[in-house]
Every structure is written in C-alpha cells, then in structure tokens.
Amino acid sequence: MLLDEESLSDGGEEFISSAVDIVHGHTVINQENLTGHWRLYNDYFSKEPTYLDVQFRRRFRMRQPLFLRIMNAIEAHNEYFVQKRNATGILGLSCLQKVTTVSRMLCYGIATDAIDEYVRIGGSTVIESFKRFVVAVDEVYGEEYMRTPNENDKARLLAQGGERGLPGKLGSLDCLHW
C-alpha cells in the first residue's frame, strides 16, 4: 500500500533523541526513514512524479503497475513488509522502501551500501528484506510462474518462437534450460 501525505504522519519526533542511545554498545543511525519514503513516492509514485514512466521502466526493469501489483501482494502475504511503528512510536520503513531496495539489487546486482543513502535503509535491513522477499515471491507466485511449463505453455512458447524466426525453439537460446 502506498502511503500519501494524509495517511502518513510520523508522530514520533519527540522520541528521536531518546531512541539514539536505546541499545547500549550499538550505534544507532537515524536513517530518516520518512525522508526515503517520500523521496521514492515523489520521484515515481505521486500524481505528478519527478520521473516519467519511461524512467521508471528503465530503472525498475518493469512497468509501474506490475511493480505495484507485486509490492501489494508481498505486503499482503508477509507482515514484515507492512509499515509499523517501533517501540518508541517512530514510523518504520515502508513496504515501498523495502521492495524498492530488493528490486534494485535484483535489477542491477548492486551491494546493499549502494542503496541505503537514497532509500534511507540500513544494510542489514536490506539483506533481511531480500531474504523475505524471495521467500514471499516463491510462496505467492511460485505455483503459477515458477514451474515447469505445461502443454499449453509449451504450445504458446513454440508459437511465439515461430513468430520470431525460431521455429521449434523452446527455452533459452543458451540451450541450458528446460
């Protein structure tokens, strides 16, 4: 679920100073989670986004409606992706931030450190989001999309191959799959 300005109010500003030293011996960095959420929202998902659909498609490697469909399905399937308040009342990371970081890792093959500054998410959270995302995608979409092709799939793929000048070709061009 995308959060807009009306549905998102932090309400935890008074807790920020007390939260900094809450874990002894552990450095807590105020990532300013809401800044990251709003940056993403305004850049790609608002009514008048900074970047156009063509930039979204290039950067996310999919169209926005598909990204939102996947994000909403993952959020509905796994409670980890639902935005919550922490023990001090500060609003945590949004599903948009978590799924965007995973998407960027998958699209570009980049390390967690390359993502954290723009999205405002810590490296360990990126890794946890990645692990949970992969499991959730398998659980939500595995039966339909991550299976061996059935007879109908094979017929459709063979027809597509024929239309594209590769009659009788099924699978990838490197011949290692299926």
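Checking each residue in the stretch 122-167 for being among the hydrophobic types (A, V, I, L, M, F, W, C), at pLDDT below 85 and under 23 Å from residue 69 (Cα atoms) picks out only 146. Considering only residues in the stretch 118-145 that are within 28 Å of residue 157 (Cα to Cα) and of a type outside the set (A, V, I, L, M, F, W, C), the one that is surrounded by the most Cβ atoms within 10 Å (Cβ to Cβ) turns out to be 141. Assuming residue 87 fulfils every condition listed in (1) within 24 Å of residue 113 (Cα to Cα); (2) more than 11 Å from the chain's Cα centre (by Cα); (3) among the small types (Gly, Ala, Ser) apart from one, which condition is it? Exception for residue 87: condition (1). The numbered conditions (1) in the same structural domain as residue 35 (by TED's automatic domain parsing); (2) surrounded by 14 or more Cβ atoms within 10 Å (Cβ to Cβ); (3) not β-branched (Val, Ile, Thr) are all true for residue 170 except (1). Here residue 110 fulfils each of the conditions (1) outside any loop (DSSP other than H, G, I, E, B); (2) more than 13 Å from the chain's Cα centre (by Cα); (3) of a type outside the set (Lys, Arg) apart from (1).
The values are calculated or read from the model by the stated rules, or taken from the named source; none is laboratory data. Here the structure is a predicted model, which means the values were calculated and not measured. As a convention, Cβ positions derive from the backbone with ideal geometry for all residues, glycine included, and neighbour counts pool all protein chains shown.
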